[in-house]
Amino acid sequence: MSLSCDLIVRDATIIDGTGAARRRGDVGVSGDRIVAVGDLGAARGQREVMADGRALAPGFIDAHTHDDRAVLCGPECMLCKMSQGVTTVVVGNCGISLSPARMAKRPPPPLDLLGDESWWTFGSFGAYAERLARDPSPVNTYALIGHMSLRVEAMAGDVARAATDKEAEAMRRRLAESLTEGASGFSTGLWYPPNMHAPTDEVIAVAEALRAAGAIYVTHMRDEAAGVLDSIEETLSIGRGTGSPVVISHHKCAMPENYGRSAETLPLIDRAAASGQAVDFDVYPYVAGSTVLMPERVRDDVPTRVSWSVPHPEMAGRMLADIAAEWGLPLKEAAEKLLPAGGIFFQMDENDMRRIMRHPRAMIGSDGLPHDAFPHPRLWGTFPRVLGHYARDLGLFSLEEAVHKMTGRTAAVFGMTDRGVIREGAFADLVLFDPGTVIDTATFEDPATSAAGIVETWVNGQSAYVFGQGATPARAGRLVTRGR
Ligand code: ZN
Ligand code: CU
């Protein structure tokens with residue numbers, strides 16, 4: 001009897017996510033799983049897609065996102081990701097998670113990146129997970145719990161100081177509870193003004209909850225500029241102190257005076273890894289970062305574009321220097337007038353970024369900010385940019401390696417079972433794309449445009465995005481939990 005499947009993608013160039021060389025073949029899907037890989041000549045599919053040699057890869061995993069709220073808003077909200085081939089997003093990064101935290105008023109920056117108080121209604125991670133189960137996202141969600149979200153609650157909003165032992169203990173308990181409710185790890189954003197008052201000891205005390213759960217520690221480090229080496233040492237010590245694997249978020253060497261220093265940071269990470277410590281990092285393929293606008297940190301030599309402003313929404317998309325000139329104000333005062341606001345900061349070196357991305361431990365993460373009026377183009381462009389610009393056009397690494405950095409490697413680091421690979425029995429998270437034409441189209445001037453060359457994206461066996469048609473109504477995404 002011949003095999004029958006819900007879906008067969010025929011004659012694809014299969015890039016399986018492990019880094020192995022591509023091979024030509026068919027992939028069969030039934031329900032939410034891949035059921036056959038190879039020559040399925042005798043099999044029949046309810047639906048058959050002729051790939052004609054185009055690439056079929058595991059759906060991409062966005063290792064670093066701020067999609068905590070976007071995953072609750074339906075298919076249109078996730079179009080920016082599905083149109084890149086992304087099928088799973090890691091939320092709760094940089095110390096910012098939408099749960100467990102209720103806010104009576106607008107949360108302090110950077111928590112407001114996720115929205116005003118009307119969005120902060122989840123008193124527990126369990127409540128957030130329940131909402132995701134009731135009203136599913138089109139993509140899979142893997143969640144971290146943010147230090148800052150815990151701090152605001154445990155310290156009653158008085159966060160510009162170190163937590164007391166009692167407060168740290170309250171945070172540790174909240175984190176432990178969240179991990180039993182389906183969260184997978186803990187994130188910090190020690191660079192942000194309210195959290196920079198948290199000493200290493202506080203972080204270790206809270207992160208102690210990771211040990212029993214075998215959960216992961218992810219960090220936007222205290223300093224990505226002059227003190228980047230010390231910050232890596234701090235991160236490694238937190239990992240050792242809590243027995244947990246660590247992920248350094250959006251690794252970079254920021255500010256012109258630190259350009260070139262990835263030649264020091266990567267060997268430091270290599271040495272730790274060689275000694276047996278689990279340490280990895282994510283990176284996005286751009287030389288500009290983006291976050292909330294902080295007037296005390298603006299610099300003349302770091303061109304800055306405004307991404308949103310509450311009092312001056314008309315300034316979104318314009319350069320801060322032009323706004324300052326128009327207003328006849330110094331840069332810092334113009335920035336103050338725009339608050340609360342966000343910015344895009346050109347503060348990295350292309351060679352560092354390439355060296356970091358090429359490193360075998362690198363995973364691709366967009367760090368996209370989905371609620372910005374004028375977002376950094378990484379929100380719409382990260383994955384096709386790595387595939388098209390960096391792998392194909394510049395030859396920075398092979399297509400197989402590029403895919404591995406966005407799939408199999410990421411799934412292994414975060415402990416996502418049966419995802420990130422194409423093999424029998426794995427979940428049918430898939431993307432069909434044209435390796436010859438795939439490319440990002442989003443730019444700093446026109447940042448919200450879909451990629452070219454991404455043909456179709458499937459999440460748990462369901463078609464989620466079709467080029468030229470957009471997001472489908474499917475909401476097949478699930479909560480993905482580390483090791484389960
Ligand atoms: Zn960050
Ligand atoms: Cu981030």
The lysines whose Cα lies under 24 Å from the Cα of residue 81, excluding any fewer than 8 residues away in the same chain, are 252, 405
Taking 248-254, 234-240, 426-432, 317-323 and ranking on average Cβ neighbours within 10 Å, highest first, one gets 426-432, 248-254, 234-240, 317-323
Between the alpha carbon centres of the stretch 320-346 and the stretch 222-280 the gap in Å comes to 32
Once amide hydrogens are built 1.01 Å from N within the peptide plane, the residues lying 5 or more places from residue 4 or on another chain with amide H under 5 Å from its amide H are 44
Per the rule of 0.36 nm per residue minus the C-alpha distance, extending residue 327 to residue 104 adds in nm 76.9 nm
One quarter of the C-alpha convex hull surface, i.e. the mean projected area of the chain in nm², amounts to 21.4
Residue ranges of DSSP H helices in the chain that stretch 15 Å or more (Cα, own long axis) and have mean Kyte-Doolittle hydropathy of at least -1.0 are 228-242, 262-274
Asserting the computed 222 nm helical MRE of the chain (DSSP H runs at least 4 long, -39500 (n - 2.57) per run, divided by residue count, to nearest 500) equals -7500 deg cm²/dmol
Per 10 angstrom bin, beginning at 0 and ending with the bin that holds the maximum distance, the Cα pairs of the stretch 28-164 fall in percents of 10, 34, 26, 15, 9, 4, 1
Given 37 °C, 0.692 mPa s and a Kirkwood radius over Cα pairs, the Stokes-Einstein diffusion coefficient of the stretch 150-261 in µm²/s is 229
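Regarding the stretch 329-476, what's the average projected area of the Cα-atom convex hull, expressed in nm²?
With every direction weighted equally, the projected area is 11.2 nm².
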Carbon/sulfur accessible area of the stretch 289-344, % of total, 1.4 Å probe, equals 55
Highest mean packing first, using Cβ neighbours within 10 angstrom, the peptides 60-71, 357-368 sort as 60-71, 357-368
Per the C-alpha gyration tensor (a ≥ b ≥ c, the square roots of its eigenvalues), the stretch 272-329 is rounded if a/c is under 1.5, else prolate if a/b beats b/c, else oblate; here it's prolate
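The values are calculated or read from the model by the stated rules, or taken from the named source; none is laboratory data. Just so it is clear, the model here is predicted, and its values are computed rather than measured. Quick reminder, even Gly has a Cβ in these numbers, built from the backbone with ideal geometry, and neighbours come from all protein chains shown. In case anyone asks, the SASA skips ligands and DNA or RNA and just uses the protein heavy atoms, side chains included. Shrake-Rupley method; radii C 1.70, N 1.55, O 1.52, S 1.80 Å.
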